[in-house]
Every structure is written in structure tokens, then in C-alpha cells.
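Student: Mind having a look at this structure? Questions to follow.
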Amino acid sequence: MAQIGPDVCEHQLNGVSEDMDLLQIDVETDAPEDRPERQAAPFSKNVLRKQRHWERQLAAKKSKRKEEKQRRKLNREQQDSGTSADNPQFTKRVMKAITRERLAEAQSAGLKLCVDLSMTDSMSDKEISRLAGQLRRLYGSNKKATRPFHVVLTDLREDSRLYRECLRMNEGFLKYMMDITEESCLDLFPPESVVYLTPDAEDALETVDADKVYVLGGLVDESIQKKLSFTRARQLSVRTARLPIDEYMVKKNNAKNFHSKILAVNQVFDILLTFCKTGSWTEALQTWFPQGKGFIVAPEDTPPLPVSPSQT
């Protein structure tokens with residue numbers, strides 16, 4: 001049998017390599033990118049909105065898996081070091097992980113609170129900036145809470161002035177552990193579960209129920225247009241309620257004879273947080289109701305004076 005020399009083998013291998021190169025060229029020539037592309041059908045605004053909503057949900061799930069992985073790692077580290085949740089000597093990294101875990105749990109099972117941002121078109125640029133700052137402080141309070149709310153910013157369009165201002169003023173705004181949507185609260189929750197908090201409501205809020213969704217009007221109005229949030233609640237045909245200021249506070253004498261029950265969004269939120277923690281409206285109002293508004297918590301032996309809900 002004749003033996004094949006190494007030169008012949010090398011020649012044959014080179015020939016195979018050349019054939020493969022030619023085959024690769026043919027395949028690349030017929031690649032889909034060289035064929036005429038089909039024109040993509042234009043997407044409707046509704047389809048794009050749903051796609052963005054799906055992408056946000058996907059990102060949230062991915063973030064939640066990552067947080068769960070970090071939480072398990074944190075638990076292992078605490079067990080190895082003998083650290084317990086009751087130990088106040090937490091590092092900054094541990095506290096951050098605990099905060100994120102609490103916020104993640106609130107997003108799945110916490111008390112629900114929406115901030116209705118549908119009224120921003122009538123606001124000035126200065127008022128928009130103030131509202132963006134209030135949303136930052138609201139989120140800061142929620143982060144510090146032992147039992148945070150599941151916060152949803154509704155009616156916040158990505159092309160709105162407020163959205164751009166939140167991105168400019170609030171570092172890490174898109175990473176806030178709250179839901180941000182262009183939909184209204186009624187697109188997300190049944191009308192019978194919604195309670196719209198407005199200072200012009202007749203009924204005082206007595207307690208905070210887990211089966212209700214509480215809505216704050218996202219509004220800064222330096223011109224003091226009356227009943228804007230109340231009118232919005234009427235448009236939605238939902239129940240309204242006010243903080244029990246009349247029931248627990250009295251007017252305080254001051255040089256300007258100024259009395260107002262109009263509070264910033266974050267101030268109302270702080271009052272709700274404290275009430276949920278302590279169960280005491282007296283403590284919540286005494287802690288967070290601004291002294292400059294002309295009201296003080298009524299002494300136990302002094303009944304509050306009747307004040308009209310619409311009076312400012």
C-alpha cells in the first residue's frame with residue numbers, strides 16, 4: 001500500500017480550507033441582512049406604552065431576583081459573624097440591603113398609596129420643581145420607614161415637564177423602588193378601593209385599611225386655586241377623605257391671623273406613615289403638621305373649634 005507523504009496531506013488540508021472559505025463567502029452572501037428588509041409596521045402609541053410597561057416589569061423582576069440573591073448572601077454573612085437584626089451596629093452596606101428588602105416587600109404586599117400627577121399641566125415651572133423636590137422627600141421618608149408604603153406615581157408621562165425635572169433634580173430617580181406609570185389609579189385599581197385624600201372632603205380619615213388604595217393629589221399651587229384635588233376626585237367618581245385636622249387640632253393665634261390646612265405631598269405622606277406606625281393621629285399631626293400653618297394639636301381638655309373643611 002502506497003504511503004501518503006506529509007506534503008500531500010498539507011496540500012489536501014489547504015484545499016479543504018479554501019473550500020470552506022468559499023462556502024463561508026456563499027453563506028454570508030445569502031445572509032438575511034443582505035436581503036431586502038420588510039418594512040416594520042408602525043406601532044401605535046398604546047402598543048409602545050404597553051411595551052415600555054412590560055420592559056419595566058421585566059427589569060423589576062430582574063432587580064428583585066438580584067435583591068433576593070443579595071439578601072441570602074447578607075443572611076449568610078450575618079450568621080457567620082453572629083450578627084442579628086436586633087443589633088444596631090449595622091454597616092452602611094447592611095442597612096442599605098435591609099432598606100431595599102423592606103421596599104421590595106412593600107411593593108408586593110404593602111399598603112398602597114398613589115400620587116396623582118395628572119394636574120401638572122396647569123402648574124408653573126417653579127411649582128413643577130417644588131413638586132419634584134416633594135417627591136424626592138416622600139421617597140426618602142418611605143426608605144426610612146419600618147413598614148414602607150407601596151408607592152405608585154400615576155399619570156406621569158415621560159414627555160412631561162415633571163418627569164424631566166425629576167430626572168434633573170432627583171439623583172437615581174429611575175432606580176427609585178416605586179412604580180412609575182402613565183396610567184391613572186383607576187387603570188390599576190378598582191374604583192371602590194380608592195380613597196382620594198383632599199382637604200375639601202367632608203369625611204375625616206379615621207384609619208388606614210390594607211384593602212384600600214390611598215391617593216394624594218400631586219399638586220403645588222402657589223395661586224391657591226380652591227378644590228382642585230377635590231374636583232379631580234369627583235371626576236374619578238371615587239370616595240374622598242381628609243386628614244382629621246378639625247378633630248385633633250385648633251387654631252393658634254398669630255400676628256398674621258393665617259391658618260391653612262393645605263399641606264405638601266410629602267407632609268401628608270409623613271403624617272400617614274407616622275399614624276400607621278403609632279396608631280395615633282395626635283402624635284402624627286403633632287410631629288409633622290407645620291407650625292407655620294397656624295394650627296396646634298388641641299389639649300385633651302379643650303375640644304377643637306369647628307372649622308370648615310374648605311377654609312384655608
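The values are calculated or read from the model by the stated rules, or taken from the named source; none is laboratory data. These numbers come from a predicted model, not from an experiment. For neighbour counting, all protein chains shown are included, and Cβ atoms are generated from backbone atoms with ideal geometry for every residue, glycine included. Surface areas here come from the heavy atoms of the whole protein model, side chains and all, with no ligands, DNA or RNA. Shrake-Rupley method; radii C 1.70, N 1.55, O 1.52, S 1.80 Å.
Student: Which far-off residues, 5 or more places away or on another chain, put their amide H under 5 Å from the one on Met249, with H placed in the peptide plane?
Tutor: Result for Met249 returns Ala298.
Student: I would also like to ask the following. Computing the accessible area with a 1.4 Å probe over protein heavy atoms, can you report the carbon and sulfur percentage for region 136-211?
Tutor: 45
Student: If you don't mind, there's one more thing I want to ask. Return the loop-located trypsin sites (Lys or Arg not before Pro) in region 244-282 (DSSP other than H, G, I, E, B) with at most 14 other Cβ atoms within 10 Å of their own Cβ; answer none if there are none.
Tutor: Loop-located and lightly packed - Lys252, Lys256.
Student: Pull out the extension gain between Val94 and Leu48, defined as 0.36 nm times the separation in residues minus the alpha carbon to alpha carbon distance; nm, one decimal. Numbers along the way, then the final one.
Tutor: Details: separation 46, 0.36 × 46 = 16.56 nm, distance 3.85 nm.
Answer, rounded to one decimal: 12.7 nm.
Student: Which net charge results when you count Lys and Arg as +1 and Asp and Glu as -1 among the other residues whose beta-carbon is under 10 Å from that of Phe295? All intermediate terms of the calculation are to be shown ahead of the outcome.
Tutor: Working: positive: Lys251, Lys252, Lys261, Lys293; negative: Asp246.
Local charge sum for Phe295: +3.
Student: In whole Hz, with x marking every Gly and Pro, tabulate ³J(HN,Hα) for region 160-173 from phi via Karplus 6.51 cos²θ - 1.76 cosθ + 1.60, θ = phi - 60°.
Tutor: Values per residue, Gly and Pro as x: 8, 5, 5, 4, 5, 5, 5, 5, 6, 8, 9, 4, x, 4 Hz.
Student: Hey, if we sort Tyr196, Tyr176 by accessible area with the 1.4 Å probe, largest down, what's the order?
Tutor: Most to least solvent-accessible, the answer reads Tyr176, Tyr196.
Student: Return one whole number: the accessible area per residue of region 114-254 in Å², for a 1.4 Å probe. Walk me through the intermediate numbers first.
Tutor: Numbers: 6830 Å² over 141 residues.
Accessible surface, normalised per residue, equals 48 Å².
Student: Along the Cα→Cβ direction, 7 angstrom out, place labels at Ser280 and Arg234. What is the inter-label distance in nm?
Tutor: 3.8
Student: Can you tell me the FRET efficiency between Leu188 and Gln291 if r is taken as the Cβ-Cβ distance and R0 is 41 Å, rounded to the nearest 0.05?
Tutor: E(calc), rounded to 0.05, equals 0.70.
Student: If I ignore ligands, DNA and RNA and count only protein heavy atoms, how much of Asp246 is accessible to a 1.4 Å probe, in Å² to the nearest 10?
Tutor: Counting only protein heavy atoms, Asp246 exposes about 20 Å² to solvent.
Student: A further question follows. Hey, which of these cross-link pairs are over 23 Å Cα-Cα: Lys126/Lys261; Lys126/Lys252; Lys96/Lys293; Lys61/Lys175?
Tutor: Lys126/Lys252; Lys96/Lys293
Student: Classify region 149-233: rounded, prolate or oblate, from the alpha-carbon gyration tensor (a ≥ b ≥ c, eigenvalue square roots; a/c under 1.5 rounded; otherwise prolate if a/b is larger than b/c)?
Tutor: oblate
Student: Next question, about the same structure. Can you bin region 205-276 into rounded, prolate or oblate? Criterion: square roots of the alpha carbon gyration tensor eigenvalues sorted a ≥ b ≥ c, rounded for a/c under 1.5, prolate for a/b above b/c, oblate for the rest.
Tutor: oblate
Student: What's the magnitude of the charge dipole for region 198-265 around its Cα centre, counting Lys and Arg as +1 and Asp and Glu as -1 at the beta-carbon? Answer in Debye, nearest 20. Mind showing how you got there, number by number?
Tutor: Details: 11 positive and 10 negative charges, 66 e Å.
Around 320 debye, computed over region 198-265.
Student: Moving on to the next point. Is region 89-218 best put as rounded, prolate or oblate by its Cα gyration tensor, with a ≥ b ≥ c the root eigenvalues, rounded for a/c under 1.5, and otherwise prolate when a/b is larger than b/c, oblate when not?
Tutor: The shape class here is oblate.
Student: Please list 3J(HN,Hα) in residue order for region 227-235, calculated via the Karplus relation 6.51 cos²θ - 1.76 cosθ + 1.60 where θ = phi - 60°; whole Hz, with x for glycine and proline.
Tutor: Using θ = phi - 60°, the values come out as 6, 5, 5, 5, 5, 4, 5, 5, 4 Hz.
Student: How long is the gain from Phe258 to Thr146 if the chain were fully straight, where each residue apart is worth 0.36 nm and the alpha carbon distance is subtracted? Could the numbers behind the result be given before it?
Tutor: Details: separation 112, 0.36 × 112 = 40.32 nm, distance 3.51 nm.
Once the chain is fully extended between Phe258 and Thr146, it gains 36.8 nm.
Student: Next question. Accessible surface of Leu174 in the full protein assembly, 1.4 angstrom probe, to the nearest 10 Å²?
Tutor: 110
Student: Next question. Calculate one ³J(HN,Hα) per residue across region 136-147 by plugging θ = phi - 60° into the Karplus curve 6.51 cos²θ - 1.76 cosθ + 1.60, and present them in order as whole Hz with x for glycine and proline.
Tutor: So the J values, rounded to whole Hz, are 5, 5, 4, 5, x, 5, 5, 5, 7, 6, 5, 10.
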